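Participant: Dumping the structure here so I can ask a few things about it.
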Amino acid sequence: MEKLQSLEQFNQLKSEKNVVFMFSADWCPDCRVIEPVLPEIMEKFKEYTFIYVDRDEFIDLCAELSVFGIPSFVGFKNGEEAGRFVSKDRKTQEEIEAFVASL
C-alpha cells in the first residue's frame, strides 16, 4: 500500500481516482491486526487505489476530515467523499470489505 507523502498528493489522488485512504499509525495495535488482510482486500477491490495515511504525520488532515479514531477508512469517488468507516474500534476484514463494497 502506497503511503501518503503530502497534502498536495492527497488532493490530487482524491480528485483523480477512486481511492480509499486508510488512516493509521505505527503504534496502533488495532491497526497492526488488520495489516495481514489488507493485501487480500486490495486484490478484491482493484478499482480502488488504497493509500496509507500516517495519522501522526497528517494530524491536521485528520482533524479536517474528523478522523479521530484509528484505524479508519475514508473513500472518495470523483473528488467527492463517497463514504467513511471511522471509529476507534478494531475492524474486521468482513467489515472493511463491506465498507469498500458500499462505496
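Participant: What percent do you get for the relative contact order of region 2-102 when only Cα pairs under 8 Å and 6+ apart count?
Facilitator: On the way: 164 pairs, mean separation 35.6, N = 101.
Reported relative contact order: 35 percent.
Participant: To continue, here is another question. What percent antiparallel are the DSSP beta bridges of the chain, to the nearest 5? Working shown, then result.
Facilitator: Values: 10 of 18 bridges.
Roughly 55 percent of the beta bridges in the chain run antiparallel, per DSSP.
Participant: Okay, moving on. Unpartnered cysteines of the chain (Cβ-Cβ under 4.7 Å counts as a partner)?
Facilitator: Unpaired cysteines in the chain: 62.
Participant: Within straight cross-link reach of residue 77, meaning Cα distance under 21 Å, which lysines are found once same-chain residues fewer than 8 apart are removed?
Facilitator: The qualifying lysines are 3, 14, 17, 44, 46.
Every number here is computed from the coordinates shown, using simple stated rules; none is lab data. Computed from a predicted model, the values in this text were never measured in an experiment. Glycine also receives a Cβ, built like all others from the backbone with ideal geometry; neighbour counts cover every protein chain displayed.
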